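Below is one structure, written out as structure tokens; the observations come after it.
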Amino acid sequence: MANLNITSKKSRTYDAIVIGSGASGGWAAKELCDAGLKTLCLERGKNIKHIEDYPAASKAPFDFEFRGSLPLEKRSGLSVGRWLSETNVQWALEENEQEVVYEKPFRWFRGYHVGGKSLLWARQTQRWSDYDFEGPDRDGFAVDWPIRYKDLAPWYDHVETFAGISGNNDGLDVLPDGKFLPPIELNVVEKHFKASLKKHYGDSRHLIYARCAHITEPQEIHIQQGRAKCMAQNMCNRGCVLGGYFSSNSSTIPWALKTGNLTMRPDAVVESIIYDEEKGKASGVRIIDRLTGEPLEFYADIIFVNASTINSNAILLNSRSDRFPNGIGNDNGLMGKFLTWHNYRGNAGAVAPGFSHKKVEGKRPTNAYIPRFRNVEKQETDFLRGYAIGVSAGRGTGYDTSMIGEELTDSILNPKLNDEWYISTWMMGECVPYKDNHMRLHDELVDKYGIPRIVLSAEWKENDIKQADDYVEQCKEMFENAGFTNIRGANRNSLPGSDIHEMGGVRMGKDPKTSLLNKWNQLHECKNVFVTDGACMTSGGTQNPTLHFMALTARAANHAVDELKKRNL
Ligand SMILES: Cc1cc2nc3c(=O)[nH]c(=O)nc-3n(C[C@H](O)[C@H](O)[C@H](O)COP(=O)(O)OP(=O)(O)OC[C@H]3O[C@@H](n4cnc5c(N)ncnc54)[C@H](O)[C@@H]3O)c2cc1C
């Protein structure tokens, strides 16, 4: 039974509650606190304090028992993604923390701690263009987005300026320019590939430096956050003591705490949102204390749901009341449906001969990028939408193991630069959302907190497979044109979800009959609940999505503050 004592109820009442402290929740907390709202941020995982709680941040390779790789036996019981290594195993989730029913094979990568996946991400931050916003309406899938690029552009500016995004203003319609810090240079093979694309495809394909959330030239706003220039150590996922890349831990959360308006409550597993039948709005949130098992309630005028796509869907579906027997705001029964993610099935690579006299100095925490070029102006293939391509070239080192004894030891201890450069690419395709790609709550099974288990039921569709085939074909052609050799490419039947960009289920739209959220990310049927993480996505675009979530969150939070002032919530 929840603790409903009246005095303590007052102490558990805030102006706003934010569920989740990851990339989007951090932004909600920052914007609401900046506006003077007393805000409670509920986070199911443990606290991770910037700098103090990065145990692996400054370790040398020889400080790791397995030199960085994680043997199979150490992975057992952990929810692993291909990114998990000995250097970032501290962020791994124990499988029994949240048991899930996978109706179809799916890989769900989670980060449950303060900061969420903002500590794990690859920091790629590309803006959407109107080609992405207009996609569903033009190509006849999902529903029309209720906003366009012009609605979000100022909020991209806002987020980029604060977070620190490095990049070039490339003047491309498909990838609008932004507020960027200086880029990190492309290397010699990437520059060669860029020139080759220009020569063979003119203005229809471009290779650019990928915009990414690294501070290359700190501005006053970054210094105020206590963050410094990225030193390109490439150890980002351990946590960066310099704050060289953006994470909630280095940026938004400490900023919000400094206002004095934020209360962080880690170890708080949100079970559901409380709906007040009399007032006709949400009044708070029910949690279970992860450490004691105690159920508790917290109250606020507005609630931001930022628990990451699948969890946000689950919390809303589990928020049942007389008014909303199928989950809060779910009158049309569409919540949990039209899940989408990104299509990373394809990868390709080749040897780039002729550059063995060239080398690179130091490391680089990012890569190059070819924005979407398929079906942009008109439908030109037998699949819908398109894909962007990540590109990275390098020379790398290797050692000869054909000898024995001291010679072998010497060879391993003194790796030599490979003779040839290698170029790799990976696709990032837009998966069209389908109704049967969905999640729901299990009717009987519950997790260790007594919360209904999530059932995930999602699979690749023919469109995704055709898209990946096309990517492989196009990469081979582009590599040949560039004079690369030993070309290979594969449409791998990788598990959906491995692509770590889950989206949808609580989509935005104009019509409450076909969507769940309005243009301000408010539930159509319960206006003081805002959903601004990936769950709100009507369609997925080809861009890495987090910048989009953060901009939508900042926009919605400022709208919430305005509405609260007008007493509309
Ligand atoms: C390896 C990797 C690389 C990536 N690279 C990129 C990239 O380059 N560019 C890009 O755009 N995106 C990238 N992503 C995706 C990016 O990390 C996510 O899109 C982003 O973090 C989502 O933000 P969020 O706030 O929705 O969720 P998260 O950052 O996951 O935060 C959600 C938070 O909510 C908490 N939570 C969950 N359930 C509950 C509950 N019931 N109660 C309370 N709290 C709860 C979680 O513990 C977590 O802290 C990458 C992800 C991974 C894993």
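The values are calculated or read from the model by the stated rules, or taken from the named source; none is laboratory data. Fair warning: this is a prediction, and the values are worked out from it, not measured in the lab. Heads up, the Cβs are rebuilt from the backbone with ideal geometry, glycines too, and the neighbour counts pull from every protein chain shown.
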**OP:** Among what's in the stretch 21-42 and is within 14 Å of the ligand (Cβ to nearest atom) and more than 17 Å from the chain's Cα centre (by Cα), pick the residue that is surrounded by the most Cβ atoms within 10 Å (Cβ to Cβ).
**Re:** Ala29
Subject >> Residue list for the stretch 214-267, filter: assigned to a strand (DSSP E or B), surrounded by fewer than 20 Cβ atoms within 10 Å (Cβ to Cβ) and either touching a Phe, Trp or Tyr at 6+ places or on another chain (Cβ under 7 Å) or not charged (D, E, K, R) (or both) >> reply: Thr263, Met264
Subject >> Members of the stretch 494-525 found to be surrounded by fewer than 24 Cβ atoms within 10 Å (Cβ to Cβ) and hydrophobic (A, V, I, L, M, F, W, C), listed by number >> reply: Leu495, Ile500, Trp520
**OP:** Among the residues of the stretch 148-173, count how many are within 17 Å of Met550 (Cα to Cα), crowded, with 18+ Cβ neighbours inside 10 Å and more than 17 Å from the chain's Cα centre (by Cα).
**Re:** 5
Subject >> Test result for Glu430, crowded, with 24+ Cβ neighbours inside 10 Å and among the acidic types (Asp, Glu) >> reply: yes
Original post:
For the stretch 113-149, what are the residues that are farther than 20 Å from Lys179 by Cα and either touching a Cys at 6+ places or on another chain (Cβ under 7 Å) or near the ligand (Cβ under 8 Å from one of its atoms) (or both)?
Top reply: His113, Val114, Gly115, Gly116, Lys117, Ser118, Leu120, Trp121
Original post:
Here is a list of conditions, (1) more than 21 Å from the chain's Cα centre (by Cα); (2) surrounded by fewer than 24 Cβ atoms within 10 Å (Cβ to Cβ), and Ser319 meets all of them except one; can you say which number that is?
Top reply: (2)
**OP:** State yes or no: is Arg75 over 30 Å from Asp562 (Cα atoms) and over 19 Å from the mean Cα position of the chain (by Cα)?
**Re:** yes
**OP:** Could you please let me know if Tyr275 is more than 14 Å from the ligand (Cβ to nearest atom), among the aromatic types (Phe, Trp, Tyr) and not in a helix (DSSP H, G or I)?
**Re:** yes
Subject >> Any hit, the stretch 375-384, residues being in the same structural domain as Lys194 (by TED's automatic domain parsing), surrounded by 17 or more Cβ atoms within 10 Å (Cβ to Cβ) and within 16 Å of the ligand (Cβ to nearest atom) >> reply: no
Subject >> So Leu296, is it within 16 Å of the ligand (Cβ to nearest atom), on the phi < 0 side of the Ramachandran plot and modelled with pLDDT of 95 or more >> reply: yes
